Amino acid sequence: MRYSLSACWALVFAPQLATAWFDPRFNATENLRPNNITGLDYRIYPYIGSYYNGTVRFTLNLRNDTESPMPNEVCSDFINDKIQIEWNALLTIAKPDPKDDNPVLFTMQAWDKGFDFLGDYSAYQHSSSRSILFGKPKWFLFMPTETRSDGAYKLWGNHTIDPGLTEELAFNLTEVCPPRGQNFVSDSELDDYLFEGDMLQPYPPEWSDENPASGWATRVSMPRIDITFDDNRASGQIAGMFSISSRKTKLVGYLTAEFSGNVDSKRSDNLLLGKAKPEWTPTLGFSGKTLDSSGTRRAALGNGLLTLILVISVLFLAL
C-alpha cells in the first residue's frame, strides 16, 4: 500500500511538533515553555504554570484631597463614597524564574469588557485607560509553612518599596460618573474622564519626611496581595492606596481589586497540590509528558525520536 507525501507531512506536523525537542532554545531549568506550541499565543501564556480566566472588581473609596479641592470636577459626587468598575481578567500563577526568591511568578492582566484582549493583544499592551497589568517583579510573596487540608495554596505579600516600581493604574470613568444630568460624555469631554496614576507606597526610609498622600492621609500603607488557588479556581485581592489624575481632576483614596476565576485547562499545566510550594508537571509543549528530576528533556526527546522513526517508516513504505 502506497502513502501520499501529504500524509507523511501530516505525521511530521502531528501533536509531537509541540514538544520541547523541537525548540533548541528551550531550557528546562527556566520557567518558560517551548515557544512553538501550536495554537498558543506565546505572548500571553509563556510560563509553565496555571492561568485563570475571570473578572476583577475594582472598588475605589474616594477621599477628599485637601491640597487639590474638587468642587464640580469629575466624580466629585462620590467623594467619601465609592465607585466600582468590573473588568475581565487573566490571572497567571507560574513557576518562578530561577533567580527569583518568590515561591511563584504572579501577574494579573485586566481589561475593559469592551476590549478584544485575545483578538488584539498588541493593542491591549498599548491601550490607555482600558487595561492594567499587576505583577512581576514588584512583590515580595510568601506562603504558609503548613499545607492546607484540601491541598490548595495560600499566597500573600507586600509591594516592593521602590518609587520606580509602582503598580500603574488606568481607568475610563465615562460610564461610572458622567456629568450631572447626563448619561453620556461628549467627545470634547472624554479626556476629562480618562484617568492614569498608580498605587501609592511608603517612600524609602531616607525619604521618611515625604508623604505621597499628604493632605488626605497621615501615612501610606504598603500595598498588599492575598490569593488562594488550586487546580480549578483562584480568588483573592490586591489592596492599597491610590492616586489617579485626568486632564483636570485628581482622585485619591483606597483601592481593592478583587479577582475570581476558573482555571483555563487548555492553556495551563498540571498543578500539583499539597506541596510545600506550588509545583507543575509541564504538559503544554511536552505531549503530556514531563521532564525528569534532572531537568533533562527525555520524554520530549523520546516523542521526537518516535515521530522521526514513524515518518521514516512511512516514507519507506511510500517508495
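Give the relative contact order (percent, whole number) for region 41-280; include only Cα pairs under 8 Å separated by 6+ residues.
Working: 544 pairs, mean separation 61.9, N = 240.
26 percent.
Listing 267, 33 from the residue with the fewest other Cβ atoms within 10 Å to the one with the most, what is the order? Intermediate values should be presented prior to the final figure.
Working: 267 18, 33 26.
Placing the least packed residue first, the sequence is 267, 33.
Among 50, 186, 268, rank each residue by its count of other Cβ atoms within 10 Å, from fewest to most, as a rough exposure measure. Don't skip to the end; give the middle numbers.
Numbers: 50 27, 186 11, 268 21.
Least crowded to most crowded, the residues run 186, 268, 50.
Quote to one decimal, in nm, the extra length available between residue 76 and residue 187 on full extension: 0.36 nm per residue of separation minus the C-alpha distance between them.
37.9 nm
Would you calculate the separation in nanometres between label points at residue 53 and residue 264, each defined as 7 Å from the Cα along the Cα-to-beta-carbon direction?
Calculated label separation equals 0.8 nm.
Say R0 is 41 Å: what FRET efficiency, to the nearest 0.05, do residue 175 and residue 28 get from their beta-carbon distance? Mind dumping the intermediate values first?
Values: r = 47 Å, r/R0 = 1.16.
Given R0 = 41 Å and the Cβ-Cβ separation, E is 0.30.
Multiplying the sequence separation of residue 248 and residue 228 by 0.36 nm and subtracting their Cα-Cα distance, what value in nm do you get?
Working: separation 20, 0.36 × 20 = 7.20 nm, distance 3.91 nm.
Full-extension gain reported as 3.3 nm.
Would you work out the charge dipole size for region 41-280 about its Cα centre, treating the Cβ of every Lys and Arg as +1 and the Cβ of every Asp and Glu as -1, and quote it to the nearest 20 debye?
That gives a dipole near 560 debye.
Of the listed pairs 113/275; 82/250; 82/266; 154/250; 138/266, which have alpha-carbon separations greater than 26 Å here? Spell out each step's value before the answer.
Working: 113/275 36 Å; 82/250 15 Å; 82/266 37 Å; 154/250 35 Å; 138/266 28 Å.
As for pairs spanning more than 26 Å Cα to Cα, those are 113/275; 82/266; 154/250; 138/266.
Starting from 0.36 nm per residue, how many nanometres of slack lie between residue 275 and residue 35 once their C-alpha separation is accounted for? Let's see the in-between values first.
Working: separation 240, 0.36 × 240 = 86.40 nm, distance 2.76 nm.
The residue 275-residue 35 span can extend by a further 83.6 nm.
Given bins 10 angstrom wide, list per bin the percent of all Cα-Cα distances in region 41-280, short to long.
Taking all Cα pairs of region 41-280, the binned fractions are 7, 30, 33, 21, 8, 1 percent.
We did not get these values from a lab; they are worked out from the coordinates using the rules stated. Bear in mind that the values here come from a model prediction, so they are computed numbers and not experimental data. Using ideal geometry, Cβ is built from the backbone for each residue, glycine included, and neighbour counts are taken over all protein chains shown.
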